[in-house]
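Heads up, the thing below is written out as structure tokens.
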Amino acid sequence: MADSYLQLRSIEFTGPTKKAHLSFQSGVNVICGASDTGKSFLAESVDFMLGGSSLKEIPERVDYGKIGLSIGTTEGEEWRIERATSGGDFSALDLNAADSQPIKLKQNHAHDRVDNLSGFLLDKIGLLGKRILKMRRKRNNDQLKLPEFSSPHNRQGGRDSTVRLAILGRPIYTENGRTRDSEAAPHRRR
């Protein structure tokens with residue numbers, strides 16, 4: 001699963017009498033608007049649907065009891081993750097299967113297991129069971145460098161698959177076997 005990723009397709013809030021839906025497009029999506037129009041709440045809602053513990057209480061949220069987040073994978077899978085706005089466990093529905101039944105996913109992470117949301121999503125991008133290596137000496141976030149993730153278990157076609165991560169919004173990439181920060185990188189087209 002080299003270069004596997006998840007793509008957010010849409011987020012939807014539903015209640016007994018109301019529904020609010022926002023679709024995302026491929027590539028970068030920019031959410032802009034005046035103060036107090038829901039930009040931060042939207043970002044917090046995506047975080048909540050990806051395993052965050054709580055969702056901010058705002059008056060506009062009262063009419064909605066459930067959130068759905070639709071996600072696509074590079075392998076062509078389409079999933080809808082649902083959760084109550086009050087929190088708790090998740091359910092996942094395979095949108096590609098006509099007779100799909102929801103799968104219950106626990107809120108709390110358990111390493112190497114797919115019965116929880118984070119394990120389920122990590123499995124979809126080939127990262128279940130992988131660990132981040134920590135530096136021995138303490139550094140601040142601007143100095144953090146991550147080694148390339150590779151092992152004999154994730155080699156495909158003779159090439160290592162590489163995990164691309166972002167620290168404080170700056171992508172980390174590998175070049176010639178060395179991990180580099182995008183700010184130090186020469187200009188490259190992607």
Can you pull out the residues in the stretch 76-131 that are free of Cβ contacts under 8 Å to residues at least 24 places away in the same chain and in contact with a helix residue (DSSP H, G or I) (Cβ under 6 Å, 6 or more places away or on another chain)? R113, V114, L128
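For the stretch 58-93, give me each residue that is among the charged types (D, E, K, R) and under 20 Å from K19 (Cβ atoms). Talk me through it step by step, then tell me what you get.
Going through the stretch 58-93, the residues among the charged types (D, E, K, R) turn out to be 60-61, 63, 66, 75, 77-78, 80, 82-83, 89.
Once the filter is applied, which keeps residues that are among the charged types (D, E, K, R) and under 20 Å from K19 (Cβ atoms), the stretch 58-93 yields E60, R61, D63, K66, E78, R80, E82, R83.
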Those residues of the stretch 25-69 which are farther than 21 Å from F120 by Cα, exposed (fewer than 11 other Cβ atoms within 10 Å of the Cβ) and hydroxyl-bearing (S, T, Y) amount to S26, S35
Yes or no: the stretch 86-97 includes at least one residue that is at pLDDT 90 or above and farther than 22 Å from L122 by Cα. yes
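Do the conditions hold for L22, that is, is it more than 14 Å from the chain's Cα centre (by Cα), at pLDDT 95 or above and either at negative phi or not hydrophobic (A, V, I, L, M, F, W, C) (or both)? Break it down into steps so the answer makes sense when it comes.
Numbers: more than 14 Å from the chain's Cα centre (by Cα): yes; at pLDDT 95 or above: yes; either at negative phi or not hydrophobic (A, V, I, L, M, F, W, C) (or both): yes.
Yes.
The values are calculated or read from the model by the stated rules, or taken from the named source; none is laboratory data. For clarity, every value in this text was computed on a predicted model and none was experimentally measured. Glycine gets a Cβ as well: all are built from the backbone with ideal geometry, and neighbour counts include every protein chain shown.
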